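Asker: What follows is a single structure, and I will ask about it in a moment.
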Amino acid sequence: MNFDFIPSSTQTMLSQIFWTVGWIPLAAILLWGAKEIWLVYIRTQWAKTVNFIVLAIDIPRNNAQSPKAVENLLSYLAGAHFVPSVIKKYWVGVFQLSISLEIVSIDGYIQFLVYTPEKFRDLVESSFYSQYPDAEITEVNDYTGGIPQRYPDNEYNLYGCEFTYKTNSAYPIKTYKEFEHIFGEPETQFKDPMATLIDLYSSLRPGEQVWLQIILIPIDFSWVSIGDREIKKILKEKDDSSSNFVDTIFDTIMSWLSLFGDTLFGGDEDKKKTKEEPLKMLMLKPKEKKQAEYIQLKTSKLGYEVKIRFIYSAKKELFNRAKVVSGMVGFMKQFADMDLNNLKPDMVKTATNASFFFKKAIIAGRQNRILQYYQQRNDTSGLSPIIMNIEELATLWHFPIEAVVKAPMVQKAPGRKAEAPVSLPVSEASGAVDLESIFGAGGAKKNRLSGQTAGLSASADNGAAGLEIFADTAPPDEKPAIVQTKKPDAKTADNSGDGLEIFADTAPPDEKPAIVQTKKPDAKTADIKAAPPENLPIG
């Protein structure tokens, strides 16, 4: 028998195998790498065409809105999701844009911020105004340039890391609904988990800064399948989506053989009944039952891909890692559920520390990388994103409830805005109101409203009608008292009259109102400010 087809040596055999089929995996790897390099390049070029802005969110004092309000606005922000076409994705470089929710403390002053593409500004403002109608939203400069940009630095030190899930994204963390209890006054029954973070932020001294960043990447509804697969594992059901082609063929053949046997020899119906499995949920352990239930609840709400970063920067003589870093980790541990999931700092890849060799070089490299990723709001570098639903996100990022959290250092809107009465004379000031910077030089707020100076302004025209001031001194059911200033005549206009007469509505309605005569000021007392007369009916 002739065996000439068998290779004469192992080297020849391997060479033939490679040139026959072995080059295919290598070519696939090279093509995949070329595709990734191309995507990075075109996405970087396209990202340069997108303009981003930073919006400061100030809500009125005495906020009583629960985190449910933030949950509602997050569901509205999900409208930023879009799916680019194949040409736009692989030729133009279009990708899903993200929105960053941030809470920062600079020298102890706390500000809630949103970093967003400018094209989504109307979407962001509408979402916040829908839940907080009296909020103030102003555009500010990016605060991340207020610290040294390269490390190590002679004056400043920096610590940073990313937070991630302990287990996979199907399992939820503890949410704000589990911080409610039935004891105490109604307004204090919610134990706001933001209290610990606000207390930590308020304790910072001049020269210290803490930044917390939560990047939201809108996604579609396909992420729900992650929870479905995990529930099947808990119930010990076979996951058909994870079976390979060979398993599918084998199962099909076996089912055909079983069907052929039942048809040929007859099936035992009683035997089939004894093989039916009992209700699986009743056979689960309490922990497994809780996991299946909470996974189902998590996947019932909208979700985002999420990246969480934290940076602490301070002058070296003020740097207190034990207080700030431990405090931030403690804030995240509030949301831990040992049966489900929790957030933990990543100490392996992104944390700015090192254990053994080349510690200084490794720490400096990590410091520069995490600062760069934070400033760019980079949603691809670092750890892989986790998936959180809107209830979990509202637990991590919401405005503190003032009945529970005393936060005097949180920037707030001055109060509820209302239009002035029609009869109230108002002098209009042209242009927008310039507010002071909250984040150092160049960070002036740009007010979205035109400024108006409300008050009482005397008319420069002596021929104008007299001024009417409505003083709320009468009971609610009666007409308010009116103080009228008599129209100045020619005598009083040139300082030759008897002074100004003020009619006070203190007499009964059918009688002439009493007259309060004010003494004409002379040259000696003209510059002396005195309190108004006690009988002047002005509230």
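Read-outs: derived from the displayed coordinates by stated rules, not from any lab. These figures come from a predicted structure and were not determined experimentally. So basically every Cβ, Gly included, is an ideal-geometry build from the backbone, and we count neighbours across all protein chains shown.
Asker: Within 10 Å of each residue's Cβ, count the other Cβ atoms and sort Ser75, Ser326 from fewest upward.
Answerer: Ordered from fewest to most neighbouring Cβ atoms within 10 Å, Ser75, Ser326 come out as Ser326, Ser75.
Asker: Among the listed pairs Lys88/Lys298; Lys177/Lys298; Lys174/Lys233; Lys166/Lys301, which are separated by more than 24 Å between their Cα atoms?
Answerer: Values: Lys88/Lys298 33 Å; Lys177/Lys298 13 Å; Lys174/Lys233 22 Å; Lys166/Lys301 21 Å.
Table pairs above 24 Å Cα-Cα are Lys88/Lys298.
Asker: Let me ask something else about it. Going by a ≥ b ≥ c, the root eigenvalues of the Cα gyration tensor, does region 29-98 fall in the rounded group (a/c under 1.5), the prolate group (a/b larger than b/c) or the oblate group?
Answerer: prolate
Asker: Once you put a point 7 Å from the Cα of Thr10 and another 7 Å from the Cα of Ile87, both along the Cβ direction, what distance in nm separates them?
Answerer: 5.4 nm
Asker: Give me the number: length gained by fully extending Arg43 to Gln376, i.e. 0.36 nm times residue separation minus the C-alpha to C-alpha distance, one decimal in nm.
Answerer: Full extension from Arg43 to Gln376 adds 118.5 nm.
Asker: Further question: Residues with beta-carbon under 10 Å from that of Pro172, excluding Pro172: net charge, scoring Lys, Arg +1 and Asp, Glu -1? Can you show the working numbers first?
Answerer: Details: positive: Lys174, Lys298, Lys301; negative: Asp337, Glu391, Glu392.
Neighbourhood net charge equals 0.
Asker: Next question, about the same structure. Which of the three applies to region 291-381, rounded, prolate or oblate, going by the alpha-carbon gyration tensor with a ≥ b ≥ c and a/c under 1.5 meaning rounded? Walk me through the intermediate numbers first.
Answerer: Working: a/c = 2.27, a/b = 1.81, b/c = 1.25.
Here region 291-381 falls in the prolate category.
Asker: Here's a follow-up. For region 13-104, with the dipole built from +1 on Lys and Arg beta-carbon atoms and -1 on Asp and Glu ones, taken about the Cα centre, which of Trp32, Val104, Ala64 lies farthest toward the positive end?
Answerer: Positive-end residue among those listed: Trp32.
Asker: In which sequence would Glu288, Glu139, Glu36 go, from the one with the fewest C-beta neighbours within 10 Å to the one with the most?
Answerer: Glu36, Glu139, Glu288
Asker: Please report Val114, Val325, Val92 as a ranked list, fewest other C-beta atoms within 10 angstrom at the top and most at the bottom. Working shown, then result.
Answerer: Values: Val114 23, Val325 20, Val92 15.
Sorted ascending by nearby Cβ count, the order is Val92, Val325, Val114.
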